[in-house]
Structure formats: C-alpha cells, structure tokens
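The values are calculated or read from the model by the stated rules, or taken from the named source; none is laboratory data. From a predicted model like this one, the values you see are computed outputs, not experimental measurements. All Cβ positions, even for glycine, are placed from backbone atoms using ideal geometry, and neighbour counts span all protein chains on display.
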Amino acid sequence: MDKAALATQVPKSLKARLDAECGKRGITLSHLITQAIQEKLDALHEEEALLKMAMERLAEPGERTYKDYRRALRLMR
C-alpha cells in the first residue's frame, strides 16, 4: 500500500487513550488511526447514500415526509 504522512494534534488525554488501546490490542497507533478514519469515512458515505435514497423516495407518491426520514436517520445513529 502506498502511504502518505499525516500530522495532526490531538488532546493529550486522547493520545493517552489511543496509546492504551494500541497496547491492549497489540497494534500500532498508525494502524488504529487508519482503521478509525476508514470506518468514519465509510459511515459518512453510507449516511449520504441513505439520505439520497430517502430523498428519491420522497418524490414517490404516498411516501413519508422529509421530517420522518430525518427522524429515522437520527434513530439509526
């Protein structure tokens, strides 16, 4: 896998939690952060896809309101 460097600043308390979790799981900080970023991006993509599907369904006759779909999305989180 081709890699790029990523530098960021996080609160010391979060860094301590990350280090503890990596130690507990026997993984590197790089692996944990890469996995977390990938999972977050996947979740955002899925949410966008669900919202797009909901908006398309709103155009169909007899479907629920936009407010109903937003409420349903909030319950899924």
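A few remarks follow.
- Residues satisfying the stated conditions in the stretch 57-71, i.e. of a type in the set (Asp, Glu) and under 23 Å from the mean Cα position of the chain (by Cα): Asp68
- Taken over the stretch 40-77, the criterion of being of a type in the set (Gly, Ala, Ser) and surrounded by fewer than 10 Cβ atoms within 10 Å (Cβ to Cβ) is satisfied by Ala59, Gly62.
- Restricting attention to the stretch 1-39, the residues being surrounded by 12 or more Cβ atoms within 10 Å (Cβ to Cβ) and part of a loop (DSSP other than H, G, I, E, B) number 1.
- When residues in the stretch 34-75 are screened for being closer than 24 Å to Asp2 by Cα and among the basic types (Lys, Arg), 1 of them pass.
- Cβ-Cβ distances below 7 Å connect the following pairs, each with a first residue in the stretch 56-74 that is closer than 21 Å to Ala43 by Cβ, a second residue that is aliphatic (A, V, I, L, M) and modelled with pLDDT of 75 or more, and a separation of six or more residues or different chains: Tyr69/Ala54; Leu73/Leu50; Leu73/Leu51.
- Boolean, Ala54 is at pLDDT 85 or above and of a type in the set (Gly, Ala, Ser): no
- Test: Glu48 is modelled with pLDDT of 95 or more, within 15 Å of the chain's Cα centre (by Cα) and not aliphatic (A, V, I, L, M): no
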